[in-house]
Amino acid sequence: MNIDTNSLLDCAVSAVKEAGSHALRNHSRRKDILKVFEHDVKLKLDVECQAIAKHIIQSTFPEHAILGEEDTHELTKIPEERDNYQWIIDPIDGTVNFSNGLTNWCCSIGVRFNNKVVAGAVYIPVSDELFTATNDLPAMRNGSEIHVSNIRNLSESIVLTGLDKNNGTDAPPFEIFRKISLNTRKTRIMGSAAADLCQVACGRAEGYYESGIYIWDVAAAGLIVEKAGGKSEFITREADNRLSFLATNGEIHDSLRRLVPLVMQ
Ligand code: LIP
């Protein structure tokens with residue numbers, strides 16, 4: 001059954017706002033850590049915020065599938081759904097930022113049907129910015145339409161990225177970072193993929209590239225970039241479901257893309 005994307009978006013908006021606001025209200029508990037990894041942490045608030053989002057989604061759409069970052073223990077088995085809606089939740093994207101008191105983090109929820117994202121909402125609580133899009137509505141920031149920038153040259157562009165450190169310092173991401181830095185006006189690592197993509201969507205940066213991320217980092221915000229007039233694409237998908245993802249204002253897409261596969265494994 002096809003559902004009006006407005007209903008999906010309304011539910012996604014309630015869920016990101018409730019979950020994101022819960023994290024902000026409980027900022028004093030940001031160091032309550034469940035698990036420490038070499039380059040990451042998992043917080044009690046990650047789990048709580050996901051539960052809040054799930055409860056809202058399940059109350060409205062009980063038959064829909066949910067893929068939440070905090071439920072996914074076996075990363076080789078990320079399920080895809082056919083002929084059903086699948087809600088993809090990142091309760092706190094930028095958990096390390098949040099836990100350390102840095103302000104760039106967000107809550108992100110995308111809705112897929114037959115593996116195509118049809119609605120997405122990203123809420124950045126600290127700046128109270130809500131980014132939204134559906135496949136038939138434009139991208140918006142706090143209810144006003146947004147557009148990517150019209151910068152055409154990579155040399156004048158700001159590109160946001162991250163460094164996937166899993167394979168050590170000789171790994172391709174370090175070489176890609178060097179190339180991007182040398183060919184753009186500025187490269188920035190801000191620590192939240194979904195929030196970064198929203199910056200591209202509203203014209204504050206021209207591009208985003210990162211490897212070693214997961215579908216919940218980019219599902220909602222990839223659509224938001226596209227509906228703001230930009231372009232996004234999955235470059236690779238590894239056996240463990242880690243992804244390389246590129247999104248731009250469209251104008252610099254080919255130039256930025258040319259820097260990526262040269263050093264890709
Ligand atoms: C984070 C991303 C960030 C990336 C981190 C991590 P999390 O998501 O958004 O850009 O560099 O490795 O994946 O884990 O905070 O939801």
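The values are calculated or read from the model by the stated rules, or taken from the named source; none is laboratory data. Being a predicted model, the structure only gives us computed values, none of them experimental. All Cβ positions, glycine included, derive from the backbone under ideal geometry; neighbour counts span all protein chains shown. The accessibility values were calculated without ligands, DNA or RNA, using every heavy atom of the protein model including side chains. Shrake-Rupley method; radii C 1.70, N 1.55, O 1.52, S 1.80 Å.
Please compute the net charge surrounding Glu233, taking Lys and Arg as +1 and Asp and Glu as -1 over other residues with Cβ under 12 Å from its Cβ. Summing Lys/Arg as +1 and Asp/Glu as -1 gives +1. Of all beta bridges that DSSP places with both ends in the range 154-257, some 65 percent have antiparallel geometry. Helical content alone sets the calculated 222 nm signal of the chain at -10000 deg cm²/dmol, taking -39,500 (n - 2.57) per DSSP H segment of four or more residues and averaging over every residue.
Other residues lying with their Cβ under 15 Å from the Cβ of Ser155 contribute a combined charge of +1, Lys and Arg counting +1, Asp and Glu -1. Please sort by residue number the trypsin sites (Lys or Arg not before Pro) in the range 4-65 whose DSSP state is loop and whose Cβ has at most 15 other Cβ atoms within 10 Å. Taking the range 4-65 and a limit of 15 other Cβ atoms within 10 Å, the loop trypsin sites (Lys or Arg not before Pro) found are Lys31. For the chain, the antiparallel share of DSSP beta bridges with both residues in that region comes to about 80%.
Comparing Cα centroids, the range 13-35 and the range 121-143 end up 18 angstrom apart.
Tally Lys/Arg at +1 and Asp/Glu at -1 over every other residue whose Cβ is under 14 Å from the Cβ of Gly143; what's the total?
-2
Averaging the sequence gap over all C-alpha pairs within less than 8 Å and six or more residues apart, then dividing by the number of residues, gives the chain a relative contact order of 18 percent. Over the range 130-212, Cα pairs under 8 Å with separation of 6+ residues give a relative contact order of 38 percent. Of the solvent-accessible surface of the range 154-257, computed with a 1.4 Å probe and all protein chains present, 44% belongs to carbon and sulfur. Applying 1/(1 + (r/R0)^6) with R0 = 25 Å to the Cβ-Cβ distance of Lys77 and Ala51 gives a FRET efficiency near 0.70. Sequence-ordered 3J(HN,Hα) estimates for the range 228-235 from the Karplus curve with 6.51, -1.76 and 1.60 and θ = phi - 60° stand at 8, x, x, 9, 9, 7, 7, 8 Hz, glycine and proline given as x.
Straight-line cross-link reach from Lys179 at under 27 Å between alpha-carbon atoms covers these lysines, not counting any fewer than eight positions away in the same chain: Lys165, Lys231. Under a model in which nothing but the beta-carbon of Lys, Arg (+1) and Asp, Glu (-1) is charged, the range 154-257 shows a dipole of about 240 debye around its Cα centre. Taking a ≥ b ≥ c as the square roots of the eigenvalues of the Cα gyration tensor of the range 1-55, is the shape rounded (a/c under 1.5), prolate (a/b larger than b/c) or oblate? Prolate is the answer for the range 1-55, as a/c is 1.5 or above and a/b outweighs b/c.
Assuming a viscosity of 1.567 mPa s and a temperature of 4 °C, what translational diffusion coefficient in µm² per second does Stokes-Einstein assign to the chain, Rh being the Kirkwood radius over Cα pairs?
Rounded to a whole number, D works out at 71 µm²/s.
Counted without the sites themselves, the longest stretch of the chain free of GluC sites (Glu not before Pro) in a DSSP loop having at most 16 other beta carbon atoms within 10 Å is 82-237.
Where does each of 219-225, 243-249 land if you order them by average Cβ count within 10 Å, highest first? Walk me through the numbers before you get to the answer.
On the way: 219-225: 29.9, 243-249: 24.3.
Peptide ranking by packing, descending: 219-225, 243-249.
Assuming a ≥ b ≥ c are the square roots of the Cα gyration tensor eigenvalues, decide whether the range 143-202 counts as rounded (a/c under 1.5), prolate (otherwise, with a/b larger than b/c) or oblate. Judged from the Cα gyration tensor, the range 143-202 comes out oblate (a/c at least 1.5, b/c at or above a/b). For the range 154-257, the square roots a ≥ b ≥ c of the C-alpha gyration tensor eigenvalues yield an a/c of 1.5 or more together with a/b not exceeding b/c, which makes the shape oblate.
For the range 221-241, the residues whose backbone nitrogen is under 14 Å from a point 7 Å from the Cα of His147, taken along Cα to Cβ, are 227-230. With the convex hull drawn around the C-alpha atoms of the range 5-145, the volume per residue stands at 106 Å³. Using only side-chain charges placed at the Cβ, +1 for Lys and Arg and -1 for Asp and Glu, the dipole size of the chain relative to its Cα centre rounds to 680 debye. Per residue, the chain exposes 44 Å² of accessible surface when a 1.4 Å probe is rolled over the protein heavy atoms with every protein chain present.
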